1. Count the lysine pairs in chain B whose Cα atoms lie under 28 Å apart, taking only pairs 8 or more positions apart in sequence or on different chains.
2. Do the sum for chain B: with -39,500 (n - 2.57) for every DSSP H run of n ≥ 4, divided by all residues, what is the mean residue ellipticity at 222 nm, to the nearest 500 deg cm²/dmol?
3. Once both labels are modelled 7 Å past Cα along the beta-carbon direction, what's the A:SER13-B:ILE117 spacing in nm?
4. Pop out the ³J(HN,Hα) list for segment B:84-91 in order, Karplus 6.51 cos²θ - 1.76 cosθ + 1.60 with θ = phi - 60°, rounded to Hz; leave Gly and Pro as x.
5. Between B:SER238 and B:GLU170, what FRET efficiency comes out of the Förster formula 1/(1 + (r/R0)^6) with R0 = 25 Å and r the beta carbon distance, rounded to 0.05?
6. Counting only C-alpha contacts under 8 Å and six or more residues apart, can you give the relative contact order of chain B as a whole percent?
7. If r is the Cβ-Cβ distance from A:ALA53 to B:PHE60 and R0 is 25 Å, what FRET efficiency results, to the nearest 0.05?
8. Any idea of the total accessible area buried by the B-A contact, 1.4 Å probe, rounded to 100 Å²?
Amino acid sequence: MDKILIQVVSVVSAAFSLAIAGFAAANAQGKATSSALEALARQPEAKNSITQALIVGLAIIESIALYALLIAIVLIFANPFVK
Amino acid sequence: MIQIGDHVKWSFLTLSFNVDTIISSIFVSLIIVFLALLAKIFLLKKAKTISSSQAFLEVFYLFSANIVTGVMGEKGKKYVPFVSTLFIFILFSNIFGLMPITEIEELFFGKIIHRIIFLESPTYDLNTTVALAICSFFAVQYYGIKANGLKYFKRFISPNFLFLPLNLLEELSRPMSLAIRLFGNAFGKAAILAIFVSLVVFPIFYPVPIMALGLFIAFLQAYIFSLLTSFYIYSAVSEEGH
């Protein structure tokens, strides 16, 4: 009974962790992209450096969502509390 | 249906190896070596008329070399071989995982679903991506020490020695995030494909848009991995530390 409760809680919390992290990461990526587009519209000649900075920033923001994915994977497939 | 540790295991003296990952990475390496040999034999250094394959390869080389030289300018030319190798290996191994080979039927919660077996991409295993990230980590330290000597270690205690744990944490979280980013994207693509395929009865043209998205992700992740590596190399070899 205890084990089943732990499994249910870990599946629900895995889903919630991905949902919240996905929400935050999508919000941040949208903000970064919109300001990069504004900068691009103001200075079209700086396209290369803006694109590079944008891609690096997006990759670093995305790693937050991926940490949440890692936690969700550990909770579902390799849960340390269910032996 | 889709499992993380779903690899063919082979154990040897208390060590266990994921045989399918090893075989597929050897295959990817053989493909790259074969293409490189073809390029070396058939491409000309001074051609009067440029054939289309030569033009394609020149554009490809310029793109992969520009990853470093775009970040650090002309002096980044000596880091082109390492970063381009990372780029080409990750690109080929990501694309390798998009090749469907067979289709099986499977019972899933009392319902028959179809499942397409794809070739095993080397980056679908966390061990491969961690190995690549460790390569990048040690290469950054090596290039930094080679460029700056013992002054390189000053960047760990800048602005003062109180920041030593923070700097160490930053340095160590880089390979971790590189590895997890690459593995998470490969895994996410595989999971989406598996779920998409299992939705319909006869999946033949249906998963093609997701596979196109997978091609895009494959390219983008290889680009990001090598671009971040060249950023780290740049911050290690530049004089002022950060």
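1. Value for chain B: 23.
2. When only DSSP H runs of four or more count, the value is -22000 deg cm²/dmol.
3. Label at A:SER13, label at B:ILE117, 3.7 nm between them.
4. Per residue, the Karplus-derived 3J(HN,Hα) values read 5, 4, 4, 4, 5, 5, 5, 4 Hz.
5. Working: r = 16 Å, r/R0 = 0.64.
The value I calculate is 0.95.
6. With pairs under 8 Å counted, the relative contact order is 24 percent.
7. Efficiency computed from Cβ-Cβ geometry: 0.55.
8. Values: alone 14990 and 6220 Å², together 19820 Å².
That pair hides around 1400 Å² of surface in total.
The values are calculated or read from the model by the stated rules, or taken from the named source; none is laboratory data. As the structure is a computational prediction, the values presented were derived from the model and not from experiment. Reconstructed Cβ throughout: ideal geometry from the backbone, glycine too, with neighbour counts over all protein chains shown. Accessible surface is based on the protein model in full, side chains and every heavy atom, while ligands, DNA and RNA are left aside. Shrake-Rupley method; radii C 1.70, N 1.55, O 1.52, S 1.80 Å.
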